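> Below is one structure. I have some questions about it.
The values are calculated or read from the model by the stated rules, or taken from the named source; none is laboratory data. For clarity, every value in this text was computed on a predicted model and none was experimentally measured. Cβ placement follows ideal geometry from the backbone for every residue including glycine, while neighbour counts extend to all protein chains displayed.
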Amino acid sequence: MPNTIITPQVYTNELLRKFKMNLGFASATHHEYDERFAKKGGKIGDTVNARVPVKFVAEDGADLVPQDVEERSVPITLNRRKHVAFAFTSQDLTLSIDRFAERYLDSAAVALANIVDVDGLIMAYKNTHNFVGVPGTIPSAIKTYNQAGAWLDKMGCPFDNNRSVCISPDMQVEIVDALKALFQSSTQIASQYEKGRMGKAAGFNWIMDQNVRTHTTGQCGGTPLVNGADQTGSSILTEAWTSAAANRLKAGDVVGFAGVYAVGPVSGDNLADLARFTVTEDIASTSGGAATLKITPALTITGPYKNASNAPANDAQVYVFDKAPASHSDVASKSSPQGIAFHKEAFGFAMVPLVLPRGVEEAASSIDQETGVSIRTVSDYDIQSDKFYTRCDILYGWAPLIPEFACRVVS
């Protein structure tokens, strides 16, 4: 049987297929796709806007109380350019698709898919404020993951087949071992026994991803307190940190404030748990021990997007990963892989097709119309070496859409 001549479109389609197969975390998130990007001459900027649900508050009585409709969308900025480049000879172009894939496409697809997941997992954990577990301790019981599911429930997250949990290899080892003797679906037991993987359990689709990011908490220090009553928004003034100009918190640390409780997003009821907020940038104290905390989400105490029972009082203690100042040393400077339990709608991933250049030997683009995942290949010929230099390019962006539909599983 003669070998098949491989055209640029054939190997670009194969590259796209393998790229999709190697996506881990990204495969379970919301994929935003705008057909206008795929059309010739469709220059619509560098942003895709993903809509998120509108929220309302139920009013009392029969009298009409109209509410302003706050249409919300989250911009996904297409600012991530990645590529893999390699060279092959003209003879290689006559190889079978399997051999060509083995030599070139497999590695290119893995490299591109891995960097997409890395970027997504960094974005996810640094924008997820709820968490379960203890920094520095790998969860060894299913209860921890059930607690993550409970947080999604409290935040009004749909309970459907779109809940996933993304964990590190070491986290997977612990939980598979913990569940080996429990009664479960025979199919899931077979998966755990034969493949060492979780499959589906505890209401989640389980994803092992070696790219789960490790977060190192700040060094903390002192007995930090809120400096001034009635503060809301994304900046909170604090004091009484150790009186030395040094980093106290790291971007990605989770803070809370004594007496400030989380709120059910639908009922508006106060919960028994402290409201949590993620630090968005490294925080250094002044020589006098003062520090301004930059947080997400913004602390909001009124309206349909209320997320806290009240503003913190003056001198309210600052909690770090649910630890009061006296126990900050339990979590300070801990290295902690950040697993993520999440609903598909928690995070958005967008890709757009790059323009095909003219004046080159070969160029092709492949787009998955259902998900919007796209990839481009371009080859040009060097007559002296008889080689085609080929590059595989992607353009994409990540954004948190409904981060309350996610919960970190720290380890």
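> A111: modelled with pLDDT of 85 or more and farther than 30 Å from D322 by Cβ, yes or no?
Here the answer is yes, as A111 does meet what is asked.
> Yes or no: region 389-409 includes at least one residue that is part of a strand (DSSP E or B) and among the polar types (S, T, N, Q).
yes
> I need a count of the residues in region 363-380 that are part of a strand (DSSP E or B) and either without any contact (Cβ under 8 Å) to a residue 60 or more places away in the chain or of a type in the set (A, V, I, L, M) (or both).
The total comes to 6.
> Counting only residues that are under 20 Å from K323 (Cα atoms) and at pLDDT 95 or above, give me the helices (runs of 4 or more DSSP H) lying completely in region 139-249 with at least 3 of them.
In region 139-249, the matching helices (runs of 4 or more DSSP H) lie at 142-154.
> Look at R72 and say whether it is touching a strand residue (DSSP E or B) at 6+ places or on another chain (Cβ under 7 Å) and at pLDDT below 95.
yes
> Given the conditions (1) at pLDDT 75 or above; (2) surrounded by 12 or more Cβ atoms within 10 Å (Cβ to Cβ), report the number of the one that L64 does not fulfil.
(2)
> If you go through region 330-337 one residue at a time, do you hit one that is touching a Phe, Trp or Tyr at 6+ places or on another chain (Cβ under 7 Å), modelled with pLDDT of 95 or more, closer than 28 Å to N247 by Cβ and not hydrophobic (A, V, I, L, M, F, W, C)?
No - not one qualifying residue is present in region 330-337.
> Quickly run through region 114-138 and pick out the residues that are at pLDDT 95 or above and farther than 26 Å from T29 by Cβ.
Within region 114-138, no residue meets the criteria.
> While we're here: Pull up region 233-284, narrow it to residues that are polar (S, T, N, Q) and under 14 Å from Y319 (Cβ atoms), then point me to the one that is farthest from the chain's Cα centre (by Cα).
Restricting to residues being polar (S, T, N, Q) and under 14 Å from Y319 (Cβ atoms), the top hit is T238.
> Return the residues of region 300-310 that are in contact (Cβ under 8 Å) with a residue 12 or more places away in the chain and within 28 Å of the chain's Cα centre (by Cα); say none if nothing qualifies.
Scanning region 300-310 gives T300, I301, G303, P304, Y305, K306, N307, A308, S309.
> In region 396-405, is there at least one residue being within 27 Å of the chain's Cα centre (by Cα), β-branched (V, I, T) and under 30 Å from V132 (Cβ atoms)?
So far as region 396-405 goes, yes, one or more of its residues are within 27 Å of the chain's Cα centre (by Cα), β-branched (V, I, T) and under 30 Å from V132 (Cβ atoms).
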